[in-house]
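*Asks:* Starting off with a structure, shown below.
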Amino acid sequence: MGEVFRYVADSALPAHRHSDLPCSICGAFGDVYYVCADIEEPDGSESPISEACVACIRRLAPEQVSRWATEKRLPAYLKTTPEFDEPTVRERLVAITQELRRTPRLPHFVQGDDWPFCCGDLTEYTGEPSRAEAELLDREGQYWDHKPASFHDRAVTLVPSNDLAVLGGVSAFRCIGCGKRYWTFQCT
């Protein structure tokens, strides 16, 4: 589990850091990531922002951040967790949603966000896999497309993404609870 963001491994952050852009909220440079939020201006109007530093992302109120598409699927995912009764489902839904909204828009879901779910929680994004990690995903991992699914290609044939003539690529995830590996593939 990431120290900076619960659902993003710390090792995955450098590939997504915008060191050349200022935070849209405080103006700081450095740990700036892509977000999708509306902030209130001093005159009371709202302005959309697309970059913010770690500290400002963590301080954003969940209602300022645009909904993730994954949020719509969370109730169904949670209801399939056998040990969760209805009050626990509601409690977990709020907790997961709030934490997800305090997470930068990673990975680059070019076809709409689709965050894998396992053991009653969202998984941790671990980044684009190396060839060796992709081989492990092919042996032990599970492809994810709104649920566990099968895919016509192997992950190892799709990495590194800069070898592909597409935008997007393979994103790897790991269950915070059991350690099971998942992967998604999205491209334009």
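The values are calculated or read from the model by the stated rules, or taken from the named source; none is laboratory data. Bear in mind the structure is a predicted one, so any value in this text is a computation, not a measurement. Cβ placement follows ideal geometry from the backbone for every residue including glycine, while neighbour counts extend to all protein chains displayed. Just the protein is used for accessible areas: all its heavy atoms, side chains included, with ligands, DNA and RNA removed. Shrake-Rupley method; radii C 1.70, N 1.55, O 1.52, S 1.80 Å.
*Asks:* Report, to the nearest whole %, how much of the accessible area of the range 1-85 belongs to carbon and sulfur atoms, 1.4 Å probe, protein only.
*Replies:* Numbers: 2390 of 4690 Å².
Here carbon and sulfur together make up 51 percent of the probe-accessible area.
*Asks:* Going by the alpha-carbon gyration tensor, a ≥ b ≥ c the square roots of its eigenvalues, is the range 1-100 rounded (a/c under 1.5) or, if a/c is not under 1.5, prolate (a/b greater than b/c) versus oblate?
*Replies:* On the way: a/c = 2.94, a/b = 1.61, b/c = 1.82.
Taking the square roots of the gyration eigenvalues as a ≥ b ≥ c, the range 1-100 is oblate.
*Asks:* Considering only protein heavy atoms, with the full assembly of protein chains and a 1.4 angstrom probe, order 65, 4 by accessible area, largest first.
*Replies:* Values: 65 15, 4 55 Å².
From most accessible down to least: 4, 65.
*Asks:* Positive end of the charge dipole of the range 1-149 (Lys, Arg +1 and Asp, Glu -1 on Cβ, about the Cα centre): tell me which of 12, 118, 84 has its Cα farthest that way.
*Replies:* The one lying farthest along the dipole's positive direction is 84.
*Asks:* For the range 10-185, what is the charge dipole size about the Cα centre, in debye to the nearest 20, if Lys and Arg each add +1 at the Cβ and Asp and Glu each add -1 at the Cβ?
*Replies:* Values: 19 positive and 28 negative charges, 93 e Å.
With Lys and Arg at +1 and Asp and Glu at -1, about 440 debye.
*Asks:* Among (1) 45, 16, 13; (2) 27, 23, 13; (3) 30, 20, 16, only one was calculated for this model; which label is it, if the read-out is semi-axes √(5λ) of the Cα gyration tensor in Å?
*Replies:* Correct label, based on the coordinates given: (2).
*Asks:* Per residue, how many Å² of accessible area does the range 10-185 show with a 1.4 Å probe? Provide the component values of the computation, followed by the final result.
*Replies:* On the way: 9050 Å² over 176 residues.
Each residue of the range 10-185 exposes 51 Å² on average to a 1.4 Å probe.
*Asks:* Just 45, 130, 171 to compare: in a GNM of the chain, with alpha carbon springs under 10 Å, which one fluctuates most?
*Replies:* Most flexible of the set in this elastic network: 45.
*Asks:* Right, next: So, R0 is 41 Å and r is the distance between the beta-carbons of residue 38 and residue 80; what FRET efficiency does that work out to, to 0.05?
*Replies:* On the way: r = 33 Å, r/R0 = 0.80.
Computed FRET efficiency for residue 38 and residue 80 comes out at 0.80.
*Asks:* Below 8 Å between Cα atoms, with a sequence gap of 6+, how large is the relative contact order for the chain in percent? Present the calculation step by step, with values, prior to reporting the outcome.
*Replies:* Details: 331 pairs, mean separation 36.4, N = 188.
Relative contact order, the chain: 19 percent.
*Asks:* Next question. When the helices in the chain are scored as -39500 (n - 2.57) per DSSP H run of 4 or longer and the sum is shared across all residues, what 222 nm value do you end up with, to the nearest 500 deg cm²/dmol? Write down the numbers at each step before the final one.
*Replies:* Details: 4 runs with 42 residues, N = 188.
Result for the chain: -6500 deg cm²/dmol, rounded to the nearest 500.
*Asks:* Springs between alpha-carbon atoms under 10 Å, Gaussian network over the chain: tell me which of 150, 50, 24 tops the mean-square fluctuations.
*Replies:* 150
*Asks:* So, one more: Tell me, in nm to one decimal, what length is gained between residue 187 and residue 140 on full extension, where the rule is 0.36 nm per residue of separation less the Cα-Cα distance?
*Replies:* Working: separation 47, 0.36 × 47 = 16.92 nm, distance 2.30 nm.
Additional length available on full extension: 14.6 nm.
*Asks:* When the chain is fully extended, how far beyond the present Cα-Cα distance does residue 131 get from residue 20, taking 0.36 nm per residue of separation? Each step should come with its number before you reach the end.
*Replies:* Working: separation 111, 0.36 × 111 = 39.96 nm, distance 2.89 nm.
Length difference between fully extended and current span is 37.1 nm.
*Asks:* Now, a different point. Quick one: among 87, 104, 48, which has the greatest mean-square fluctuation in a GNM of the chain with alpha-carbon springs under 10 angstrom?
*Replies:* 87
*Asks:* Follow-up. By how many nm would the segment from residue 3 to residue 95 lengthen if fully extended, with 0.36 nm per residue of separation less the alpha-carbon distance?
*Replies:* Working: separation 92, 0.36 × 92 = 33.12 nm, distance 1.69 nm.
The residue 3-residue 95 span can extend by a further 31.4 nm.
*Asks:* Considering only 186, 61, 176, whose Cα is most displaced toward the positive end of the charge dipole of the chain, charges sitting on Cβ of Lys, Arg (+1) and Asp, Glu (-1)?
*Replies:* 176
*Asks:* Long-range amide H contacts for residue 39: which residues qualify at under 5 Å (H placed 1.01 Å from N, peptide plane, sequence gap of 5 or more or a different chain)?
*Replies:* 47, 49
*Asks:* With loop defined by DSSP as not H, G, I, E or B, and exposure as at most 10 other Cβ atoms within 10 Å, which is the longest segment of the chain clear of exposed GluC sites (Glu not before Pro)?
*Replies:* On the way: sites that count: 3, 83.
My reading of the result: 84-188 is the longest stretch.
*Asks:* Could you give the nm distance between label points at residue 59 and residue 151, where each point is 7 Å from its Cα heading toward the beta carbon?
*Replies:* 3.8 nm
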